[in-house]
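Below is one structure; the comments refer to it alone.
None of the figures in this text is laboratory data; all of them are computed from the coordinates on show. In this text the structure is predicted, and so the values were computed from the model without any measurement. Positions of Cβ are backbone-derived with ideal geometry, glycine not excepted, and every protein chain shown enters the neighbour counts.
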Amino acid sequence: MRAASNISLIAIATILFVIAPVSATYVLSNLTLAPGGPPFPGVPQEVIATYVLLPSGPTTFVPGHNLQMLTNLTNASWNIQVIVDGRNAARQTASGTVAFVNGEILSYPATRDVSFAVTITGRVPGNAVDQLMVLQVGEVDNTGGIVPGSASTLNEPLAGQPSPTEAATPVGAVTALVSVPAASPSPTKSSGFASGACIAALSVGLVLLSRHSR
């Protein structure tokens, strides 16, 4: 009797494990920034991130779950393109700092090759310092909570402010003059004051000589 009960418990646990939703696994495969290089505060920025969905169960994504995406870019516009077996499939757009993707358009049999490309256009905040969170992706379950361990964040270090020698001078702008300390006289060259004193002494000598000859 006890053996039968143990077998029943094992069978129930196995069934629950099989039917329980498994969180999706998405891996960043490509990231492009335009303009390239570290972002500048206050400058328009475009981010293109491509993720590959790796099946963790019978489907590439849990149908009842969603993807939540966030960015710190201001005035952000989103374009999310789902790609199935190398071809464009469903597409979603959004605006603002947060975007959601319906899990239904990401859910395919595990035998399919599914990825999604996220394009964000916006502006780097003018008061941003150190680094910028360009994109964060997290899986949201059917209770509205983030699935533990599903959050993936992309941070980019910010570029420093351009120095005056690197910044381009606008046409017609007046640049500030920089005072340069005068170089000290060379030891092998007489100063102007010494030359004037020699000429004055020679003149006095000629005058005295003229008077003495009279």
Subject >> Potential lengthening between Glu46 and Arg112 on full extension [0.36 nm per residue; Cα-Cα distance subtracted] >> reply: 20.8 nm
Original post:
What do you get for Rg/Rh over segment 21-143 if you use C-alpha atoms and the Kirkwood form of Rh?
Top reply: 1.00
**OP:** Using label points projected 7 Å from each Cα along Cα→Cβ, tell me how many nm separate Ser29 and Met133, to one decimal.
**Re:** 2.7
Subject >> Total charge dipole magnitude, segment 21-143, about the Cα centre, Cβ charges on Lys, Arg, Asp, Glu only, Debye to nearest 20 >> reply: 200
Subject >> trypsin sites (Lys or Arg not before Pro) lying in DSSP loop within segment 69-152, provided at most 14 other Cβ fall within 10 Å >> reply: Arg112
